[in-house]
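Have a look at the structure below before the remarks.
The values are calculated or read from the model by the stated rules, or taken from the named source; none is laboratory data. It should be emphasised that the depicted structure is a prediction, and the values quoted were computed from it without experimental measurement. Reconstructed Cβ throughout: ideal geometry from the backbone, glycine too, with neighbour counts over all protein chains shown.
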Amino acid sequence: MNNLNNNGSQEQKSKYLPKLISGEHVGCMGMSEPEYGSDAVGMQTKAVKVGQEYEITGNKMWITNAQYADVAYVYTRTGTGKKDLTTFIVEKGTPGFTVSKEIHKMGMRSSPTGELSFQKCRVPEANRVGKEGDSVIHMMKNLEIERITISGISLGIAQACLDQCIKYAGERKQFGKTLANYQLIQKMIAEMYAETEAMRRMLYTVCYEYDQGNRSNNLASAVKLQLPKMATKIALDAIQLHGGYGYSREFPLERMMRDNKLNEIGAGTNEVMIMIIAKNLLNEALKH
Ligand SMILES: Cc1cc2nc3c(=O)[nH]c(=O)nc-3n(C[C@H](O)[C@H](O)[C@H](O)COP(=O)(O)OP(=O)(O)OC[C@H]3O[C@@H](n4cnc5c(N)ncnc54)[C@H](O)[C@@H]3O)c2cc1C
C-alpha cells in the first residue's frame, strides 16, 4: 500500500487503496523468486508488451498473504539491463495467475506464505506502476520502510519477553526463594531491559528522522541489523530464565523466538544489511 501510494497513478490509488486500507481486500507483494532472494534485482520473471497489454511469466517465492490476496503487486523484468524492472498490479482471478504452493514455516505461522505462478498472464497497460524501468528505485525506497517496520515487531517481542521474565521471576520459587532474589537472574533482566531500551530509542529516533523527511538507507539498514538480532538474543535469554517452562509451549516465549527469527531474514538478511552499510560507508570514505 505504501509503495502504491508513493508510486501509483491517481486512478490506481483510487481503485485499489480504499479496500486495502479498510481491510476488505488483502494485498501481497512479489519481489523474491525461487532463485533470486538476496539478489532480488537479478529477478527473472518477465513482462513482455503485447499490444495494449503485458504478458507476465515467472514465479515469485516466499510471498506473504499469497493465498489470501485479492491483489498482487508484482515486480518484473522488462528489459535486458540489470535495473530494467517494472511493477504491475495483478488481480486475483486473472487468467494465468495462480498460487502454486503453500509454504509451512517454523514461526509467524498466522502470517500465510506462498508461491505465486504467472504463466503468460495478461494484464492491461493501465496496471503498470510508473514507467518501464522505474521500479528499482520504488523497491529500494519501500524496502527501507519495510525494514524499519519489521524492526518494530522485534521491539514488541523484546518488550513482551522482558515483561514475562519480570513476572515469572517474581512468582517462581527455587531453593525457597523467588528467582528475583538471585543475582544471575537480576543480571539477565537488567541486561534485557538495557537492550530493549537501546532498541526502542534507536528505532524511535530513526522513525522520527523519516517522519521529518530525512531518509537514510544506512540507518534503516542499521536498525534492521540490530533490532531483530537483539530480540532473538532476548527471546533466547527469556527461555533460559523460564527453564523447562520456557522450552515448553505453555509459555509464548518459544513462539516469540521462532517468530522473531524471520526478522533476521525477511526484507533482507542480516548479512545483506551488513553489505549495504559497508558499501555505503566505504564508498563515502573512498570519495575523499
Ligand atoms: C516468511 C517469509 C515471508 C516473506 N515475505 C516476502 C514477501 O511478501 N515478498 C517478497 O518478495 N519476499 C518475501 N520474503 C523473501 C525474503 O525477502 C527473502 O527470504 C530474503 O530476502 C532472503 O532471500 P533467500 O531466502 O532467497 O536467501 P538467499 O539470498 O539464498 O541467502 C541465503 C544465505 O546466504 C546469505 N547471502 C546471500 N548473498 C550473500 C552475499 N553476497 N554475501 C554473504 N552472504 C550472502 C544470506 O544472508 C543468507 O544467510 C519472505 C521470506 C520469508 C521467510
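What to note about this one:
- Qualifying positions in segment 162-210 - among the charged types (D, E, K, R) and not in a helix (DSSP H, G or I): 172, 173, 177
- Among residues of segment 1-42, those that are more than 9 Å from the ligand (Cβ to nearest atom) and either surrounded by 11 or more Cβ atoms within 10 Å (Cβ to Cβ) or among the acidic types (Asp, Glu) (or both), counted: 25
- The residues on offer are 23, 37, 81, and the sole one that is among the small types (Gly, Ala, Ser), over 18 Å from the mean Cα position of the chain (by Cα) and under 19 Å from residue 135 (Cα atoms) is 81.
- Cβ-Cβ under 7 Å pairs, at least 6 apart or on other chains, segment 59-80 side part of a strand (DSSP E or B), far side charged (D, E, K, R) and within 11 Å of the ligand (Cβ to nearest atom): 59/33; 59/115; 60/33; 60/115; 61/33; 61/115; 63/115; 74/60
- Answer from 73, 54 - the residue that is within 15 Å of the ligand (Cβ to nearest atom) and at pLDDT 95 or above: 73
- Criterion: in contact with a helix residue (DSSP H, G or I) (Cβ under 6 Å, 6 or more places away or on another chain) and away from the ligand (no atom under 16 Å from the Cβ) - qualifying residue of 286, 225, 241, 281: 241
- Every pair of residues 6+ apart whose Cβ atoms lie under 8 Å, when the first sits in segment 186-200 and is not assigned by TED's automatic domain parsing to the domain that holds residue 225 while the second is surrounded by 13 or more Cβ atoms within 10 Å (Cβ to Cβ) and at pLDDT below 95: none
- Top-ranked residue in segment 250-261 [being surrounded by fewer than 20 Cβ atoms within 10 Å (Cβ to Cβ) and either within 15 Å of the ligand (Cβ to nearest atom) or in the same structural domain as residue 37 (by TED's automatic domain parsing) (or both); ranked as farthest from residue 63 (Cα to Cα)]: 255
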